[in-house]
Amino acid sequence: MDEIAIPIYLMAGFLESGKTSFLNFTLDQDYFQIDEPTLLILCEEGEVELDKKALKKSNTSVEILDSPEELTLERLVAYDAFYHPGRVIMEYNGMWQVSKLEEMQLPKGWGVVQQIVTVDASTFQVYMNNMKSLFVEMVRNADLVLFNRCDMDMPLASFRRSVKVVNQAAEIIFEDEEGEIEDIFADEMPFDVNADVIEIMDEDYGIWFIDAMDHPETYEGKKVSFTGMVLKSREFSKNMFVPGRMAMTCCADDTTFIGYVCKSEKARQLSTGKWVKVVASIDYEYMEFYHKEGPVLTAISVEETEPLKEELVYFN
């Protein structure tokens, strides 16, 4: 892969999701200033106008595109030659397929280094009901998902799960009028995290899966019990497997297996697709399977069981 000399900061989100407001704020910050010019490529224009003072301060030039067909290699090469940008910011149209960017050729030295998705929390459920596939595509490779216009009466924990099941690595921030909202899971766990063995009901597996990754201080050293389906891989040693569940991210044809690595001598006797009742202790360590540090289970008991009547985990 060629070294990235011109970083692209990609901003995606549906219309009126707060992209331009976030952009105006960022361009005006001292930490965001560079010596070279900045090129801003707008793929849609919302009601919020760009801050001309912020554009001048950051030496930013603006180009506006009206259709995805205009986003060609030839056009980008011409921009590169004309503006000689030190970086590129692309405010992408939420109705255009983000996956098309992965197929698009870029000028030599250009490359996406950060992908940010903005979400208007007040309209999120409407978009999820009507354009779920587009949202899933937007957040699949996002580094940061920013929910703005939040209210604590909204099901923010559910919003978080909708993102995490698609992209476990994404950082998720919720903001209201006063700034960032902290622990959205407060008082919302449907299981007793202080029990000798934390019993995870079948319908609560998705909640535990997300919370266990986000809050190691809650679960490290604890014991957990749940039912899951066995996944084995050549990536694992013979005494490892993943007990987990299939989660629906968009529709019946778009499901993802979610689960954590489990160490057990019984792993050799298990086969992918079997169902097991697991009781295990939880520790945290780096696993290549996660590409980061995360929960690692050490089995206390693993017993084969019947498949669940409802095998899918739903995030809504």
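The values are calculated or read from the model by the stated rules, or taken from the named source; none is laboratory data. Note that this is a predicted model, so its numbers are computed, not measured. Neighbour counts are summed over all protein chains in view; Cβ atoms, including those assigned to glycine, are modelled from backbone coordinates with ideal geometry. The area values use the complete protein model at the heavy-atom level, side chains included, leaving out ligands, DNA and RNA. Shrake-Rupley method; radii C 1.70, N 1.55, O 1.52, S 1.80 Å.
Just a few scattered comments:
- Antiparallel DSSP beta bridges within the chain, as percent of all bridges there, nearest 5: 45
- Using θ = phi - 60° and Karplus 6.51 cos²θ - 1.76 cosθ + 1.60, couplings along segment 94-107 (whole Hz; Gly, Pro as x): x, 8, 8, 6, 5, 4, 5, 5, 5, 8, 6, 7, 10, x
- Cβ crowding within 10 Å averaged over residues, with 266-278, 141-153 ranked highest first: 141-153, 266-278
- Calculated [θ] (222 nm, deg cm²/dmol) that DSSP helices of n ≥ 4 give over the chain, each run adding -39,500 (n - 2.57): -6000 deg cm²/dmol
- Apportionment of accessible area to carbon and sulfur, the chain, percent (1.4 Å): 47
- Placing unit charges on the Cβ atoms of the charged side chains and taking the dipole of the chain about its Cα centre, the candidate lying farthest along the positive direction among 5, 271, 152 is 271.
- Per residue, the chain exposes an accessible area of 52 Å² to a 1.4 Å probe, with every protein chain left in place.
- Within the set (i) -0.35; (ii) -0.31; (iii) -0.27, the number that log10 I(q)/I(0) by the Debye sum over Cα atoms at q = 0.07 Å⁻¹ takes when calculated for this structure is listed as (i).
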